[in-house]
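The values are calculated or read from the model by the stated rules, or taken from the named source; none is laboratory data. All values reported here derive from a predicted model rather than from experimental measurement. So basically every Cβ, Gly included, is an ideal-geometry build from the backbone, and we count neighbours across all protein chains shown. When the accessible area is computed, the model is the full protein with side chains, heavy atoms only, and any ligands, DNA or RNA have been set aside. Shrake-Rupley method; radii C 1.70, N 1.55, O 1.52, S 1.80 Å.
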Amino acid sequence: MSEFGKIFEGEARADLLQPNGGAALNEALLEAGVLCLRGAALSGGDFLALARRLGEPQAQLIREHRDDEYPDVSIISNAHVDALGDGKRIVLGRHWHTDDSYFAVPSAVTLLHANCVPAGKGDTLFADTRAAFDELPELNKNIINGRQAIHKYKSRRNVSPVPHRPAEEE
């Protein structure tokens, strides 16, 4: 990866959003790791079409966070509450996390589309874990190589609360 993160605006953004732009989109993603397609808002249908150019979307685990018209599109909001738990507000992704790592086959890519970012907020950060690993001393790499981790949706080690799920989904 020559650079981590790349912003596409104007014509370059428009080219990646074209129905036949899937190959260029994948190439740009592999090259930069994180893409920012800055510009006009996308409809739910356009966002889903963009996601499908990168692969089959992963349905949101929590059903009440799915878009009514496009169930493969998740709505993440600071107004969510734990409807099946204590009813308190839950801010998803408030602490460092890796999306969907608790699935047997996690998503390869996460797409985010901000419709409304409160003033002074919007502090989503990304980490280049490949570069971080490459910078480790060989001893540390050897200790890590071959190790496996178990990721759970809900565990006693969660830093922030996660919504309760119906029993049939557990």
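Taking 12 Å as the cut-off, no amide N atom of the range 42-86 comes nearer than this to a point 7 Å along the Cα-to-beta-carbon line of Glu27.
The slack in the chain from Tyr102 to Ala119, taken as 0.36 nm per residue of separation less the alpha-carbon distance, amounts to 2.9 nm.
All other residues whose Cβ lies under 11 angstrom from that of Tyr102 are scored, Lys and Arg at +1 and Asp and Glu at -1, for a net of 0.
Ranked by the mean number of other Cβ atoms within 10 Å of their residues, highest first, the peptides 129-140, 52-63 come out as 52-63, 129-140.
Rolling a 1.4 Å probe over the protein heavy atoms of the range 1-150, with every protein chain left in place, gives an accessible area that is 52 percent carbon and sulfur.
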